[in-house]
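I have placed the structure first, in the form of structure tokens, so that the comments after it can refer back to it.
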Amino acid sequence: MQNIDRITKKELSTRYRIPSGCAVFGIMDESGHRFDGSKVLEGISMMHDRSNGLGGGFAAYGIYPQFDRDWAFHMMYEDVVALQQTEDLLFKNFEILHSEEIPVNKKIKVGQPPLVYRYFLKVNPEYSHMEEDYIVKLVMDINSSIRGAYVMSSGKNMGIFKGVGYPEEIGRFFKIEDYQGHIWTSHGRFPTNSVGWWGGAHPFGLLNWSVVHNGEISSYGSNQRFVSDFGYRCSLSTDTEVITYLFDLLVRKEKIDINLIHLILSAPLWEEIDRLPARQGDVARTLRILYGGCLLNGPFNIIVGHNDFMYALNDRIKLRPMVAARKGNFLIVASEEAAIRKVCPVPDTVWHPEGGQPVIGVVKSKKRPDVIKKVGV
């Protein structure tokens, strides 16, 4: 037997499976005021031991105001062949407003970084009536058809930065302290059922969506089959990818209010629905019947980013930790309270959301009617 004293801490953390690992952190200013990435970096770093160096990443909203009406693609390439093939496709389908390598700090040592580029794009006029669907199809084509090319993010005025390493290493590598955004999310990865690779790190993104996730989705097969009927192709072998597509399908395409999404993804048990008042029960029952293939089974917590809001949700019996806090206009959500207090020592309120109950922060200038009160759910 190998002498355990000779095994380094890093070897231990990468060799052994800790299913409850991973850290999530999200912070937003509901006034829409932008702030730099140092707070999200501090918060996720506080949960260093929840990850094992095989993945870290950040999503930031509001970082490209000079291109806020244009699509911002963050790309990673394994080699120049993949870069050339992808750029040929982009030049054919878009007007390229600007492109460049994403600035990185090469003094930060991370494992085998790919080529990372960003492009600011305008859809050709003939596709302007369906540009979101057009972008989705293009992202699916690149991820599944061009070997060595991967779309990190494809939204407007937002971007995802991620890779193999601890999240604080990845954040400093991409110099996220230099960006200003009004919503930030972050993830420290401890992969249990998939390999650690740059594209497999969180967040996952599509259009303006980004998702960070702690847990395991045992319903992946049924979820994947459901979204495939609507043209989504899961090619990255991870459950977080399918969660991202579920949000795009339900909120953007099916136009279901974000305040009702927990009744689909983390639906109440049938006997709980039967005990609800009639109108509330009808809404919950209808959503569960229509969108049964979207139910997420297994332990999970997620933080979802979007230009207009931040959304956090646990599985219905809360098998993964989540804490939330407010301080003035700030909403903070994290796996651990210590991470919240690292960036906000004296919050106005701190609470532990119940399983299946969402935490939603909305940019005030974009607040919509409270549908929860309207339908009585």
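Of the residues examined, residue 354 is one that is under 30 Å from residue 284 (Cα atoms), more than 19 Å from the chain's Cα centre (by Cα) and among the acidic types (Asp, Glu).
Here the condition is being in contact (Cβ under 8 Å) with a residue 60 or more places away in the chain and open to solvent by less than 20 Å² (accessible area, probe 1.4 Å); of 135, 146, it holds for 135 alone.
Filtering 121, 83 for residues that are of a type outside the set (Lys, Arg), closer than 25 Å to residue 141 by Cα and not in a strand (DSSP E or B) leaves a single hit, 83. Within the range 196-218, the set of residues being surrounded by fewer than 23 Cβ atoms within 10 Å (Cβ to Cβ) and either hydroxyl-bearing (Ser, Thr, Tyr) or within 8 Å of the chain's Cα centre (by Cα) (or both) comprises just one member, 218.
Of all residues in the range 223-251 being closer than 26 Å to residue 59 by Cα and aromatic (Phe, Trp, Tyr), which is surrounded by the most Cβ atoms within 10 Å (Cβ to Cβ)?
As a first pass, look at the range 223-251 and keep what is closer than 26 Å to residue 59 by Cα: 223-224, 227-228, 230-251.
Checking the rest, the ones that are also aromatic (Phe, Trp, Tyr) come to 230, 232, 245, 247.
Numbers: 230: 12, 232: 22, 245: 25, 247: 22.
That would be 245.
Are there any helices (runs of 4 or more DSSP H) wholly within the range 252-317 with 2 or more residues that are in contact with a helix residue (DSSP H, G or I) (Cβ under 9 Å, 6 or more places away or on another chain) and surrounded by 14 or more Cβ atoms within 10 Å (Cβ to Cβ), and if so which? By residue number, 262-265, 278-290.
The sole residue among 254, 272, 241 that is under 23 Å from residue 40 (Cβ atoms) and among the charged types (D, E, K, R) is 241.
For the range 166-190, a tally of residues being in a loop (DSSP other than H, G, I, E, B), under 20 Å from residue 237 (Cα atoms) and touching a helix residue (DSSP H, G or I) at 6+ places or on another chain (Cβ under 7 Å) returns 1.
Residues that are small (Gly, Ala, Ser), in contact with a Leu (Cβ under 8 Å, 6 or more places away or on another chain), modelled with pLDDT of 95 or more and under 28 Å from residue 226 (Cα atoms): does the range 317-325 have at least one? Spell out the reasoning first.
Within the range 317-325, the first condition is being small (Gly, Ala, Ser), and the residues that meet it are 324-325.
Adding the requirement that they be in contact with a Leu (Cβ under 8 Å, 6 or more places away or on another chain) leaves 324-325.
Add one more test, that the residue is modelled with pLDDT of 95 or more, and what stays is 324-325.
Checking which are under 28 Å from residue 226 (Cα atoms) leaves us with none.
The answer is no, given that none of the residues of the range 317-325 is small (Gly, Ala, Ser), in contact with a Leu (Cβ under 8 Å, 6 or more places away or on another chain), modelled with pLDDT of 95 or more and under 28 Å from residue 226 (Cα atoms).
Inspect all residues belonging to the range 116-128 and state whether any of them is surrounded by 13 or more Cβ atoms within 10 Å (Cβ to Cβ) and among the small types (Gly, Ala, Ser). There is no residue in the range 116-128 that is surrounded by 13 or more Cβ atoms within 10 Å (Cβ to Cβ) and among the small types (Gly, Ala, Ser).
When residue 200 is tested against (1) closer than 26 Å to residue 339 by Cβ; (2) in contact with a His (Cβ under 9 Å, 6 or more places away or on another chain), just one condition goes unmet, and that condition is (2). For the range 312-367, the set of residues classified as among the small types (Gly, Ala, Ser) and touching a His at 6+ places or on another chain (Cβ under 9 Å) consists of 324, 356, listed by residue number. Just one of the listed residues (183, 176) is under 22 Å from residue 29 (Cβ atoms) and either open to solvent by 10 Å² or more (accessible area, probe 1.4 Å) or touching a Leu at 6+ places or on another chain (Cβ under 8 Å) (or both), and it is 176. Cβ-Cβ contacts under 8 Å between residues 6 or more apart (or on different chains), taken from a first residue in the range 104-115 that is at pLDDT below 90 and open to solvent by 50 Å² or more (accessible area, probe 1.4 Å) to a second residue that is of a type in the set (Asp, Glu) and outside any loop (DSSP other than H, G, I, E, B), are listed as 109/169.
The values are calculated or read from the model by the stated rules, or taken from the named source; none is laboratory data. Small disclaimer: the values here were computed from a predicted structure and weren't measured. Heads up, the Cβs are rebuilt from the backbone with ideal geometry, glycines too, and the neighbour counts pull from every protein chain shown. Note: areas computed on protein heavy atoms with side chains; ligands, DNA, RNA excluded. Shrake-Rupley method; radii C 1.70, N 1.55, O 1.52, S 1.80 Å.
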